[in-house]
Each structure stands twice: as structure tokens, then as C-alpha cells.
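Working notes for the structure below.
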Amino acid sequence: MPDSPSDLSLERPFPVPPGDDRPRILFVIDHLGTGGIQEFILNYCRRVPQHRVIVLSLFANDLYSDALRGAGAEVVRLTDRPYGYGAVLDPRQLFAFRAFFRSGGAGFDQIHIKMFAGFLYASLLGLYRDRRVSAGVDATSRQLPVPLRVLLFLFARFYRRFYVPSWLRDDFRYLGLKPEAYRPQNYFVTMRRSDTPHPFTARYNLLTIGRCIGQKGHLDAIRFFQRLRPALGGDAALWVVGDGPHMPALRAEVSRLSLEDAVHFTGTVGNLDDYMIACDAVLKMAHGEGHNSILREAVLLGKPVLSTLETASCHRLAEDALIVPIDRAASDGAVARAAAALTGASPDSSRRLREQAGRLWCDEAVVASYLAP
């Protein structure tokens, strides 16, 4: 791709309303299904009204387009194909991506590439030469399949801005990022609200949230819950919120452990707020994943978060009593700590969590990092 934005296009495909001189920001995302990055973009639209946001979704999966439009964004779907490895590697997708940028790429002041299909296409087309373009990574290195690590190694160093969470900077030192290109990836926090909380029936209701893939640790969560439930008097339920290819294995494990009456699969939900407001705790056992968006949101709600300690940031949160440390082996000590956190929860303990989390996580640093040149 050319170095100058003016070489990308001779037209602007998104007409600018009269008098709207706001910078035009393009987010390129693989899909608008459930996920923390989708939440990030939605919150960006809400928190940075001084930008006009356009979202390019490469594939058809969609839970967020209505919310994004409601927050003032324009949403474009590149194709009607569902997200998947075969679709990502189909050359027709790359050609459609190229056609989009050739027809309208000049109309944007900044372009942020999110997720890996977008990174692949942008890198193959040389978009990293464009000073407006940034990319980044949101997972730990060991969470990524080897082909994605190779892809990052080959291209990340060429981007003029590359976002990596500060607590993962050492994890991705092998990328060879230039110091002037590194940007700390900070995150907005969604403040969950609901007028229609989910009508749970068990005394204690735990959520494990994320796409049903091995990395999200739902299988470990089910096994931990099987040990925890008796410590809660048997009156407890685990809700698996998400969908994906690992679902049959999860259902099989629930059957093997005879937990059909206590473990519930919601699939992907559009009303996550209703579940989070009403739940008693969040159980996070994702492999290699630090304090993700769901963890932050739960703590800001004053909910106990039972979490494995995957990164140094998780250890710090446990030391500050913001999360309850557990382990994958469901040891006696971990089960006892988790049970105590749930049975001992009170309005005062919830208030302390909310206040401490509110001081730790705020939006100012996020806005600053994206408004910087």
C-alpha cells in the first residue's frame, strides 16, 4: 500500500455531514460477535464523541452493530460470510478488504486494526507503511496459536504504532517493536446496568464468560464448580455464557460429573448486563489471560471474582484482595477461599470492592493513549 493517504483513494465513501469536522476514525475488526474488543470499540464511541467512528467488520457474526449505531458509529460489513479459519484464508476476503481501502481509505484520519484477520490482511497489503495505521495484540503470547505468533513476529515491528498491554510488554519483546512505536493498550470498562436482572433460582450463581474454546478455561471452571458446590450447601449454579466449538466437550463433562441440574449453557447472549447484575460471582479460569474486561467489570460491580493467577497483574490484584485466588486443581485451600468469598459477601464488602476498583480503573488513560499522535 502507498505511504500517502491521498494515494489510497479518489473518493470518500462515507459522506461527511455539513459542519461535521470531527476526525474520522476507522476500526477494523474481524467480527462483531461477543468479545472484549467489541466492547472496547463500543465504549470508545461513547467516551470519545469528538471522533466520528466507522467500524469495518470483516465477517457476518453480529451482536454489536445496533449498539454501535446507537452510540453514533457507522457500521460496514465487508461480507456476509461467518467468521472461521476457512473464511479468513479465502483470498476473496483479502481482495474485498483491498477493494474497500482502495475505494475509500483516504477518507480516514486514523485506522486501528483489531484482531488477527484484519492484521493479516493489513500486513499483506503493506498498510503498516501508512502513518495513520495502528495495530496491536490483546492476548498473552502463549494464548496465541503458533501461526499467529509467526505472523506477529514477521510484521508487528513495521507498524508505526503498536498497542500492547503494559503488563504484557515483556511477553512480546520478541516482536522487536521500536520504542517510539510502542503504545500501552489500556481498556475502557463497561459499567453494567440492568432494569431486568436475570431471575436466577439457586442461592449462589456463578458465571464463566467467553467463547467456548479451550483457552477460555470453561472445562476447568466446570470441574472447579463441581468441587465448590458442596461447600455452598449444594444450592449453587454455574452459567456458561458463550458459544463455540468446545461446547460438545463441555456438555460431555457436565454429564460425566452429573451436573446437568446445576450447570447451564446460555449460548451467546445480548443481555449480558442482566446476568452480571444478578450473579453472585464470576469464575475466570482462562489460560494465560490476565485481568480481562469481564474481571474488571465484575469487580467494579462489587462482585467476587474467583480467578487463577495467570499473570503478574493477577498476582497484584490478589495481593490487594480485589480477586480471590484459586487454582486449576481445585485444591482444598482454593475451594475454601472461594466459598468464604461467596458466603461472606455483604453490602460493605461489595462497596469496598467498587471503591478500590474505581480508583484503579478509569478511562482517562485510555482516551489519552488513543488521542496521542
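Going by the alpha-carbon gyration tensor, a ≥ b ≥ c the square roots of its eigenvalues, is region 36-181 rounded (a/c under 1.5) or, if a/c is not under 1.5, prolate (a/b greater than b/c) versus oblate? Please list the in-between numbers first.
Details: a/c = 1.45, a/b = 1.25, b/c = 1.16.
It comes out rounded by the Cα gyration axes.
Hey, any idea what % of the chain's accessible area is carbon plus sulfur with a 1.4 Å probe?
Numbers: 8740 of 16180 Å².
Solvent-exposed carbon and sulfur of the chain make up 54 percent of the total.
Once fully extended, how much extra length lies between Thr201 and Leu360, figured as 0.36 nm per residue of separation less the alpha-carbon to alpha-carbon distance?
Contour length minus Cα-Cα distance gives 53.9 nm.
Starting from the Cα gyration tensor of the chain, take the square roots of the eigenvalues, sort them a ≥ b ≥ c, and report rounded, prolate or oblate (rounded when a/c is under 1.5, otherwise prolate if a/b is larger than b/c, else oblate).
On the way: a/c = 1.87, a/b = 1.80, b/c = 1.04.
Prolate shape, in that a/c is at least 1.5 and a/b is the bigger ratio.
Could you name the lysines whose alpha carbon sits less than 26 Å from that of Lys303, not counting residues in the same chain fewer than 8 places away?
Partners found: Lys216, Lys284.
May I ask you to list the residues of region 281-309 whose amide nitrogen lies under 19 Å from a point 7 Å from Cα along the Cα→beta-carbon direction of Asp320?
Output list for this probe position: 282, 284, 289-309.
Using a simple spin-label model with points 7 Å from Cα along the Cα→Cβ vector, what separation in nm is obtained for Ser313 and Arg169?
In this crude spin-label approximation the distance works out to 1.3 nm.
Which whole-Hz ³J(HN,Hα) couplings does region 25-39 yield from phi under the Karplus relation 6.51 cos²θ - 1.76 cosθ + 1.60, θ = phi - 60°, glycine and proline marked x?
For region 25-39, the Karplus curve yields 10, 9, 9, 9, 10, 4, 7, 10, x, 5, x, x, 5, 4, 4 Hz.
Lysines within cross-link reach of Lys178: Cα-Cα under 23 Å, excluding same-chain residues under 8 positions apart?
Lys114
Let me make sure I get this right: for region 205-352, a, b and c are the square roots of the gyration tensor eigenvalues over alpha carbons, sorted descending. Under 1.5 in a/c it's rounded, otherwise prolate if a/b > b/c, else oblate. Which is it?
Rounded shape, in that the Cα axes give a/c under 1.5.
Divide by every residue of the chain the summed helix terms, -39500 (n - 2.57) for each DSSP H run of at least 4, and state the resulting mean residue ellipticity at 222 nm, rounded to the nearest 500 deg cm²/dmol.
-10500 deg cm²/dmol
Multiplying the sequence separation of Ser103 and His287 by 0.36 nm and subtracting their Cα-Cα distance, what value in nm do you get?
So the extension gain works out to 62.2 nm.
Which of the peptides 330-338, 302-310, 143-151 is most tightly packed, and how do the rest follow, going by the mean number of other Cβ atoms within 10 Å of each residue?
Values: 330-338: 16.2, 302-310: 23.1, 143-151: 14.0.
Output ranking for 330-338, 302-310, 143-151: 302-310, 330-338, 143-151.
Using the per-residue mean of other Cβ atoms lying within 10 Å as a proxy for protection, in what order, highest first, do the peptides 249-259, 130-140 fall?
In descending order of packing, they fall as 130-140, 249-259.
Between Leu63 and residues 5 or more places away or on another chain, which pairs have amide H atoms under 5 Å apart, with H built 1.01 Å from N, and which residues are they?
Here the answer is Leu32, Gly33, since their amide H atoms fall under 5 Å of that of Leu63.
What are the ³J(HN,Hα) couplings of region 162-178, residue after residue, when phi is run through the Karplus curve with 6.51, -1.76, 1.60 and θ = phi - 60°? Round to Hz, x for glycine and proline.
In residue order, the calculated couplings are 9, 8, 9, x, 4, 6, 10, 4, 5, 4, 10, 4, 5, 6, x, 5, 6 Hz.
Name the long-range amide H neighbours of Tyr204: under 5 Å, sequence gap of 5 or more, or other chain; modelled H, no Pro or chain starts.
Amide H to amide H, under 5 Å and 5 or more residues apart or across chains, Tyr204 pairs with Ala236, Ala237.
Would you pull out the residues with amide H under 5 Å of Val263's amide H, same chain only if 5 or more places away, H placed 1.01 Å from N?
Leu238
Please give the per residue accessible area of the chain, computed with a probe of 1.4 Å over protein heavy atoms only, in Å². Intermediate values should be presented prior to the final figure.
Numbers: 16180 Å² over 373 residues.
For the chain, the solvent-accessible area averages 43 Å² per residue.
The values are calculated or read from the model by the stated rules, or taken from the named source; none is laboratory data. Since we're looking at a predicted model, the values are computed, not measured. Cβ coordinates were reconstructed from backbone atoms using ideal geometry, including for glycine residues, and neighbour counts include every protein chain displayed. To get the accessible areas, we keep the full protein, side chains included, count just its heavy atoms, and leave off ligands, DNA and RNA. Shrake-Rupley method; radii C 1.70, N 1.55, O 1.52, S 1.80 Å.
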